[in-house]
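Quick notes on the structure that follows.
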Amino acid sequence: MSLQKKATKKAARSAEIIIPDKLYFRIGEVAGLCRLPAYVLRFWETEFPQLKPIKSSTGQRMYRRRDVESVVRIKKLLYEDGFTIAGARLQLREEIKSDRSQSALPFPMSPNINITHMRHELQQILHILSARH
């Protein structure tokens, strides 16, 4: 089997993971969904700060949907993209940082925005609105 066919099969396997619409998942469910042993998930919890399942009153790990999505992303980075654990940790940190910076601004800040022009346009809108009264 050629390298390209193997890579295609790997990509297809990761794309097959469908996360059910539930609030919480037990570690065994996540392990089954992601085709990973539970001990790998427990280890990843110590290595990736993004992965923080809560514990039930009985001590059972309860993963939220975002935790399961993180597991899928970590698995892809490690097993398909060839990252080391440290490299995957940095990659996830960068992705989170870029997500925060993108969602923090309601519109892109550009030095090309002409404040004087915007002020003039807003004053015209205000004039139109005040003329209606």
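One residue is enough: does the range 102-121 have a residue meeting the conditions at pLDDT below 90, exposed (fewer than 13 other Cβ atoms within 10 Å of the Cβ) and under 28 Å from ARG26 (Cα atoms)? For the range 102-121, residues at pLDDT below 90, exposed (fewer than 13 other Cβ atoms within 10 Å of the Cβ) and under 28 Å from ARG26 (Cα atoms): absent. Residues of the range 36-43 include at least one that is modelled with pLDDT of 95 or more and part of a loop (DSSP other than H, G, I, E, B). Here the range 61-91 is the region considered, the condition is being among the basic types (Lys, Arg) and not in a strand (DSSP E or B), and the residue that is surrounded by the fewest Cβ atoms within 10 Å (Cβ to Cβ) is ARG66.
The values are calculated or read from the model by the stated rules, or taken from the named source; none is laboratory data. All figures in this text were calculated on a predicted structure; none of them were measured in a lab. Don't worry about glycine lacking a Cβ; one is built from the backbone with ideal geometry, like all the others, and counts go over all protein chains shown.
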